[in-house]
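We did not get these values from a lab; they are worked out from the coordinates using the rules stated. Just so it is clear, the model here is predicted, and its values are computed rather than measured. For neighbour counting, all protein chains shown are included, and Cβ atoms are generated from backbone atoms with ideal geometry for every residue, glycine included.
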Amino acid sequence: MIKKKKKIGIIGQVAILFVISILASGFLTFYTQHVVSDAFVKSRTENLADQAADEVRLSVMEYPAHDWLLRYWYEHFDELEIEYDTDYEQSTVTREKCEQLHLHCPTLLFKYAAQDQIEALSPEDQKLYAEITYSWLITRINQIKRSQDVDYLFCVSTDNTYREQFFLFSAAEKGAVRGTNYEEAYTLGTQVTVEKSQQDAMRNAKQAYDYLADAGQYVDYYSYLTTEDGRHLFIGMTYDLTVLKQNIRSQTISRTFYAVFYQFFLSVICLALIAYFILRPLKEVQKDIRFYKDTKRSKDVIESLSKIQSRNEIGQLAEDVIDLTREMDDYTRQIAVISAEEERIGTELALAARIQEAMLPMTFPPFPDREEFEIYASMDPAKEVGGDFYDFFFIDDDHLCLVIADVSGKGVPAAMFMTISKIILANTAILGKSPAETLENANTAICPNNREEMFVTVWMGILELSTGILTASNAGHEYPILKKPDGKFELLKDRHGFVIGGMEGLKYRSYELRIDPGSTIFLYTDGLPEATDAEKCMFGIDRILTVLNKNPDQNPEQILRTMTAAVNDFVKDAEQFDDLTMLCLSYKGPCRGDGNTENDVNNVQDDEATG
């Protein structure tokens, strides 16, 4: 027993779509706010870092001898005695150093001393000046750190590899630990090896002047300061965004939750309205449609649907179903009449097909007592009945008449025209007329009453079995194909006359051809070369010759079956467009008295005669 799949109603499907939309909207809202918040935090942090870097840069550059100081601090870091994290007013050591240097150089203005003035001092005084200015600078850097709320503020020197940082100064809060360990405020001369992300950040800052690198919960900022003796100096900052990002994330989740909740609440209201105003009348229409399908009681269905008063597409649907119900009733009555008529026509067409088939020679071999030749023919109509026909019959004991023809059009009209044409041709030929005379008499008989302007192409040949002489005439038909003994099939381009039924008063010409024993003649209608595949490519004469010459020594029946298989393989599932008719004769030679045929081969002579 086959289990029916459980169906989901429209309201269920709409509800699922609403839920998916709400979840997708919530996700997109959360993601968008998260990305926007991160971008805002990054932009704001970068602006603050730029301001802090500018203040640090001004603090360094306010000393005219800043290049000398930076170089001196780097080269003599291990000789300097520096007092960190103490204001000048509270620093006894720094104040004493200032007094000592003032005694040695009473005219020297410490903050405004030029580089040449400093270089003129003694080494001891240069050391004092470097220590004093460093204490002043580190005090200012500490103030900048606190005012700009920077977690880490420092200045480093590095070479072109950017692998190691040499700390020139590092800001710290009051009471912070100064040292060389991780997360301590590094002292002058501390060297650390940095990761690739920081190397890239410094490299980018060297090219773009400043660069902000995102490092998870931290943000690293570098601003290029100067280059001294091949070493690059950078102002660096680190911001801890952990708390800020957590607050932003909490606010984002809260806002997203409320947005999803409001959407869900409104969706429930929308679903209720949809169920009442849309699904309820729609189910009534569905119920009436099923009732009509099961009972065909159109009167009850129309009465029920007329009660639906919706002024929207559902009301229009109810009216359309009413109209459809009435049309279905009319259509059912018409179908009954048409079906009876089609059954009658089908019976008559089947009878016509059997009559047409009976008119063609269908028994093979047709002359089992004649050993001079083998013959085989087939006709495959495109419709129930066709317009192609073939015929072969003895005019006398020594003359065999061959006919193949193609009537214009298809179906019953072509079949009727084919019947008339076949009878006229056979009756004229049996009187001993030549092929040309036969075609001329047929054209004279058909043209006067041919109101539908139909026509027929005909190839007719009369083979004298005792000599192998074939007398033939062609009325607009396809070229025959001939195979000589021990040769291959070749196209015989004989002379064409005009089609039968096309014009009154036409004359046709016969030609003679000697057929040697062992020769084969292949006749066909245009349905063979014009057989078309799904890509609208035709079978063509070249393919016909290729198939024939693939095994040229087959008997006529084998030749036709091979050709039919090749055409079917070519066209595959494409619809047959035209009738397909073929006739093939293999000439064995004249019959001797002992029942055998002549084996001598005669030369082919082409003679033409006027019919």
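Data table
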| quantity | calculated |
| --- | --- |
| Folded to 0 to 90 degrees: helix 10-61 orientation relative to the chain principal axis, Cα | 40 |
| Charge dipole (debye, nearest 20) of the stretch 455-524; +1 at Cβ of Lys and Arg, -1 at Cβ of Asp and Glu | 120 |
| Selection from GLN554, ALA531, GLY26, by position along the positive dipole direction of the chain (Cβ) | GLY26 |
| DSSP-assigned coil residues among trypsin sites (Lys or Arg not before Pro) in the stretch 186-293, each with at most 13 further Cβ atoms within 10 Å | none |
| Estimated inter-spin distance, LYS572 and PHE265, nm [label 7 Å along Cα→Cβ] | 6.3 |
| The chain: calculated mean residue ellipticity at 222 nm from DSSP helix runs of at least 4, using -39500 (n - 2.57) | -16000 deg cm²/dmol |
| Rounded tilt (10° steps) of 411-429 against the dominant C-alpha axis of the chain | 40 |
| Farthest toward positive dipole pole in the stretch 42-139 [+1 Lys/Arg, -1 Asp/Glu at C-beta], among ILE118, THR107, TYR63 | TYR63 |
| Estimated distance in nm for a label pair at GLN558 and ARG333, the labels positioned 7 Å out from Cα along Cα-to-Cβ | 6.5 |
| Calculated FRET efficiency for the pair ARG163/HIS102, C-beta based, R₀ 41 Å, to 0.05 | 0.45 |
| Calculated FRET efficiency for the pair PHE291/TYR258, C-beta based, R₀ 45 Å, to 0.05 | 0.40 |
| Candidates per GluC sites (Glu not before Pro) in the stretch 472-534, loop by DSSP, up to 11 other Cβ within 10 Å | GLU504 |
| Descending Cα extents along the principal axes, the stretch 129-221, whole Å | 33, 28, 26 |
| The stretch 406-475: trypsin sites (Lys or Arg not before Pro) in DSSP loop, at most 11 other beta carbons within 10 Å | ARG451 |
| Size of charge dipole - the chain - debye, nearest 20, with Cβ of Lys, Arg +1 and Asp, Glu -1, no other charges | 2880 |
| Over 32 Å between alpha carbons, listed pairs LYS410/LYS488; LYS433/LYS484; LYS507/LYS550; LYS410/LYS588; LYS42/LYS97; LYS484/LYS536 | LYS410/LYS488; LYS507/LYS550; LYS410/LYS588; LYS42/LYS97; LYS484/LYS536 |
| Ordering of 50-57, 295-302 by packing [mean C-beta count within 10 Å, highest first] | 50-57, 295-302 |
| Computed lengthening from HIS76 to LYS196, 0.36 nm per intervening residue step minus Cα-Cα distance | 40.3 nm |
